[in-house]
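The values are calculated or read from the model by the stated rules, or taken from the named source; none is laboratory data. Just so it is clear, the model here is predicted, and its values are computed rather than measured. Virtual Cβ from ideal backbone geometry, glycine too; neighbours counted across all protein chains shown. When the accessible area is computed, the model is the full protein with side chains, heavy atoms only, and any ligands, DNA or RNA have been set aside. Shrake-Rupley method; radii C 1.70, N 1.55, O 1.52, S 1.80 Å.
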Amino acid sequence: MSASPAASAPRRVGFFGGTFNPIHYAHLRIAEEVGDIAGLDEIMFVPSGTPPHRDKPQVSAQQRLEMVRLAIADNPRFTLSSIEVDDREHQCNYTFDTLSALKQRHPEVQFSLICGSDVQSQKWYRFDAILEMLEALYVVYRPGDDAEGMAAAVRRHAGGDERLFAKYHWVQTEGLTVSSTLIRSLVRERRSLRYLLPDAVAEYIHKHSLYGELRS
């Protein structure tokens, strides 16, 4: 008797990391669309503790973690991992290390990486080894992005290995033009955040006086 496909199929999970400082509707929309396009079973949000290539956020990792928890609460396909906050909040969090730890904890899962087109300019630690661990890499298209330049950058990061490069997928979504930088600026200017991020996140920012004083 052969095993049923449902029993043998590995769970396919999208790893969506970032500072989420704060999380907003563009993050959520990207996760939703990539999940649909790639047919993923789960999108795992992984807030960074201490990101290696940018300044440490003024808001604590625990607060950013809680904002993500509030933002994804009503979507059963979205999950939250606190691995970078719990394990390495005071160290630089490299994607390679986090994925290695997740693969060790969940050997039955096929992980894919979801990231923005700034993958082209970022400095990646052991990018080829990251690709080895992944089922796929999904890079989200932004208006004005250079598809050929992006492909060349990913191929370069992969060390020219065409087998690894074949895991790369360029994804055009209907993402929103919202950014965490914009939201922090609006808070400092005491302007409304309505329709830019979930109400529960806006309320959390107000309650804890994050980024400045939010207008009621």
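Can you send over the carbon and sulfur percentage of the accessible area for the chain, probe radius 1.4 Å, protein chains only? Roughly 47 percent of what the probe reaches on the chain is carbon or sulfur.
Name the shape class, rounded, prolate or oblate, that the alpha-carbon gyration tensor gives for the chain, where a ≥ b ≥ c are the square roots of its eigenvalues, rounded holds for a/c under 1.5, and otherwise prolate holds if a/b is larger than b/c and oblate otherwise. Before the final figure, lay out the partial values.
Values: a/c = 1.68, a/b = 1.47, b/c = 1.14.
Verdict is prolate for the chain.
Classify the stretch 94-216 from the C-alpha gyration tensor, please: rounded if a/c falls under 1.5, else prolate or oblate depending on whether a/b exceeds b/c. Walk me through the numbers on the way to the answer.
Numbers: a/c = 2.81, a/b = 1.83, b/c = 1.54.
Prolate shape, in that a/c is at least 1.5 and a/b is the bigger ratio.
Based on Cα contacts under 8 Å between residues 6+ apart, the chain shows a relative contact order of 23 percent.
For the chain, the residue among 59, 117, 197 whose Cα projects farthest onto the positive side of the dipole built from Cβ charges is 59. Solvent exposure of the chain amounts to 52 Å² per residue of accessible area, where only protein heavy atoms count and the probe is 1.4 Å. Rolled with a 1.4 Å probe across the full set of protein chains, the surface gives residue 194 an accessible area near 150 Å². Angle of helix 95-105 to the longest C-alpha principal axis of the chain, folded into 0 to 90 degrees and rounded to 10: 70°.
Relative contact order of the stretch 117-216, please, whole-number percent, based on alpha carbon pairs below 8 angstrom and at least 6 residues apart.
On the way: 89 pairs, mean separation 23.8, N = 100.
About 24 percent, as a whole number.
Structure remark: mean-square fluctuation, Gaussian network model of the chain, C-alpha springs under 10 Å; the largest value among 58, 110, 172 belongs to 58. With both labels modelled 7 Å from their Cα along Cα-to-Cβ, the residue 152 to residue 62 distance reads 4.7 nm. Largest accessible area first, the residues 24, 206 order themselves as 206, 24 under a 1.4 Å probe with ligands, DNA and RNA left out. For the chain, a crude dipole built from +1 on the beta carbon of Lys and Arg and -1 on the beta carbon of Asp and Glu, taken about the Cα centre, is about 520 debye to the nearest 20. Straight-line reach from residue 103: taking Cα to Cα under 17 Å and skipping same-chain neighbours fewer than 8 places apart, the aspartates and glutamates in range are 41, 42, 84, 86, 87, 128, 132, 135.
Residue 155 contributes an accessible area of around 90 Å² to the protein surface, as traced by a 1.4 Å probe with all chains present. Taking the longest Cα principal axis of the chain as reference, the axis of helix 61-72 is set at about 80 degrees.
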